[in-house]
Amino acid sequence: MKIAIMQPYFFPYLGYFDLFHNVDLFVVYDTVQYIRRGWIHRNRVLHQSGEGWQYIIVPTEKTPQKTPVLDIRILNDTLWQERLLSQLMHYKGKAPYADQTIKFVRENLVIDELSLSRLNVHILARCASLLDLDFRYKFCSDLDIELDMVRSAEERILDLCEFFGAKEYVNLPGGVDLYHPEAFAARNIKLRFRNLPTFIYPTGSYIFEPHLSIIDVLMWNEPEVIKKYLDENRSEG
């Protein structure tokens, strides 16, 4: 079994989808500490000026510093969805799939859910369905395992791999400095990093920015084209 273990990102970049397209199971790592400067509550789309990017953000309630991801609550402000959608309106009339993408984003946001991690996984599942990707996942908080948070991040990942009987752990390039092949080999687990080549696509009068939210990718590309790119770069075996 090949496994990925990641925190649930908000409308993430294409490499995140490539990750779970290359594993048998995706573990939603919602028991670790929430990082305010990370990608769980925000992502990036093109700036309305046509150059650079801007953040799209889900407002969250204030919490103590060491609050786990699963306890992060969305601020009960019914206007934030409309504010976020307004940031996408500049794509209309410029990006060929703006109307359908904005409609898709709206449908993802108007659910009765105040858990940030649950909202994000709902979005991931909807995006996977749109792109015809097999998204098999489990929330770490639902597992019958108690991870020792005193142990290193690497040791906890190894414990989760062993819990599922995984023979291969697949991670994004950001984990290169965190995880060591010899530590995984000692437990008979292969460590592999996925580094999807940058998907470059025309953006009309805008200046292309790499690694933006899947929202931007969908503005300019049909889902079938995106799926084809992921398939062409998928690992064999």
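Residue check: is N188 closer than 22 Å to I40 by Cα, assigned to a loop (DSSP other than H, G, I, E, B) and polar (S, T, N, Q)? So N188 does not fit the description; no. Annotation note: Cβ proximity below 9 Å between a residue of the stretch 56-75 that is of a type in the set (S, T, N, Q) and a residue that is outside any loop (DSSP other than H, G, I, E, B) (sequence gap 6+ or interchain) occurs for T60/R73; T60/I74; T60/L116; T63/D71; T63/R73; Q65/Q33; T67/Q33. D134 meets each of the listed conditions (1) assigned to a helix (DSSP H, G or I); (2) touching a residue at least 24 places away in the same chain (Cβ under 8 Å) apart from (1). Is one or more of the residues making up the stretch 30-47 more than 12 Å from the chain's Cα centre (by Cα), farther than 30 Å from K190 by Cα, surrounded by 21 or more Cβ atoms within 10 Å (Cβ to Cβ) and not charged (D, E, K, R)? Scanning the stretch 30-47, I find at least one residue that is more than 12 Å from the chain's Cα centre (by Cα), farther than 30 Å from K190 by Cα, surrounded by 21 or more Cβ atoms within 10 Å (Cβ to Cβ) and not charged (D, E, K, R), so the answer is yes.
Taken over the stretch 160-177, the criterion of being surrounded by fewer than 17 Cβ atoms within 10 Å (Cβ to Cβ) and either under 30 Å from Q100 (Cβ atoms) or at pLDDT below 95 (or both) is satisfied by P173, G174, V176, D177. Of everything in the stretch 191-209, what is part of a loop (DSSP other than H, G, I, E, B), out of contact with any Lys or Arg (no Cβ under 8 Å at 6 or more places or on another chain) and not hydroxyl-bearing (S, T, Y)? Give them in sequence order. Across the stretch 191-209, the qualifying residues are R194, N195, L196, P197, F199, I200, P202, I207, F208. Scanning the stretch 147-202 for residues that are within 20 Å of the chain's Cα centre (by Cα) and among the aromatic types (F, W, Y), we see that the one that is nearest to M1 (Cα to Cα) is Y169.
The values are calculated or read from the model by the stated rules, or taken from the named source; none is laboratory data. Computed from a prediction, not measured in an experiment: that's the story for all the values here. All Cβ positions, even for glycine, are placed from backbone atoms using ideal geometry, and neighbour counts span all protein chains on display.
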